[in-house]
Structures are given as C-alpha cells and as structure tokens.
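Below is one structure, written out as structure tokens, with a few remarks after it.
The values are calculated or read from the model by the stated rules, or taken from the named source; none is laboratory data. Because the structure is predicted, anything quoted here is derived from the model rather than measured. So basically every Cβ, Gly included, is an ideal-geometry build from the backbone, and we count neighbours across all protein chains shown.
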Amino acid sequence: MGLPQKKLKYTYSDYCSWDDGERWELIDGFPYAMSPAPMRKHQDVGGALFNQLYNFLKNKPCKVYHAPFDVRLNPYEEDDTVVQPDIVVVCDISKLDDKGCKGVPDLVIEILSPSSLRMDRMIKLERYRQASVREYWIVDPEARGVEACVLEGGRYYLTSYTDEAPVNVLPGCVIDLKEVFPETESNGI
C-alpha cells in the first residue's frame, strides 16, 4: 500500500507524513490511492473549465484552484478527510492556507475517468453532501456533459447540461461547454 504503518483510521497529520511519491486522498480516515497522471482528454477538459472560471473570477473575491490542491473537509473535528478535486472554487479566503483549503469550498468539480467513476459518483458525492459543499459538478468527457449537484436542505438536486452550464454559487457565471468539449480535436502539437 505504500503507507508507513497500518492503522484502522488515519488523520491529516498521517497524510502529511506520507512521502512515497504516490498521491493519496483520505476520506473519513481511510486512504485511497489516486490514479497516475490523468489522460490528455481529462487535462484538456480541466484546462478549459479552469480557464473559464479563472477569467470570470478576475477581480472578484473568489479563487479557483486545480489539482493537486488539498481540501480538508473537516479540519476542525477529526481532521480525517482530505481530497484533491480536479477544480475547486473558494469564496471565503480565510479558508485558504499554504497547504490548500481548510474547510468546505463553494464549488467542487471532478472530471470522470474510467478509474474514478465509483469514487466520484458515489463516495465523494456522499462525502461532499455531508460536508455541505454547496455545488458539486461531475464532468463526463465521454458523454460531453456536466451533472451539477446543487445543495438544498441537505440534499443534492441534479441538473444535467450539455450546452451551457450555469454556476449556481457564482451568479452570472455560465460555462460554455462547447469550449470545454470542442466538436473536433486538433491533431497538431
């Protein structure tokens, strides 16, 4: 497994001590090894999403970050959950420190890959809901769409988008999915 010692439950302190060249996430004290570097299509989609969010947020108080970026969902309790979403938006700057986000971000975006389907659609979905992440996007490069989960009354309400996707936590921000999922891909360098 690559972990220094076998424990029943790990904390963020343990996570910070793992220096084995592998990337990990920690959810409710249980470690999950992350896949190797994502495929090119995953990177293209992530870059296009990040670019639109970054441009929208210029001169605004919210900040956008891309992986690897540690998000500690419950740092004031057991401190046993740290995830590395593909993209996060944080509007409460007091949650940011040199290590990442210490608390719940406003928007979390995960880009699906074959190895992350179960993690992103089940484990993280439930964990983000429990932590009260206000908006969680599951981006599917193969289906060329976004499933936006918006938190209301402790439940996520899902809306699917394939053309334009409004960001509920950022009034006025609409992501052009035609730029995220172009019709044709260039074979050039």
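For this structure, a couple of remarks:
- Some residue of the stretch 38-53 being part of a loop (DSSP other than H, G, I, E, B), aliphatic (A, V, I, L, M) and closer than 15 Å to residue 110 by Cα: yes
- Elements of type strands (runs of 3 or more DSSP E) contained in the stretch 101-183, each with 3 or more residues being over 19 Å from residue 60 (Cβ atoms): 135-140, 145-152, 155-161
- Qualifying positions in the stretch 29-41 - modelled with pLDDT of 90 or more and surrounded by 15 or more Cβ atoms within 10 Å (Cβ to Cβ): 29, 31
- Inside the stretch 142-165, residues that are within 18 Å of residue 128 (Cα to Cα) and charged (D, E, K, R) make up a count of 3.
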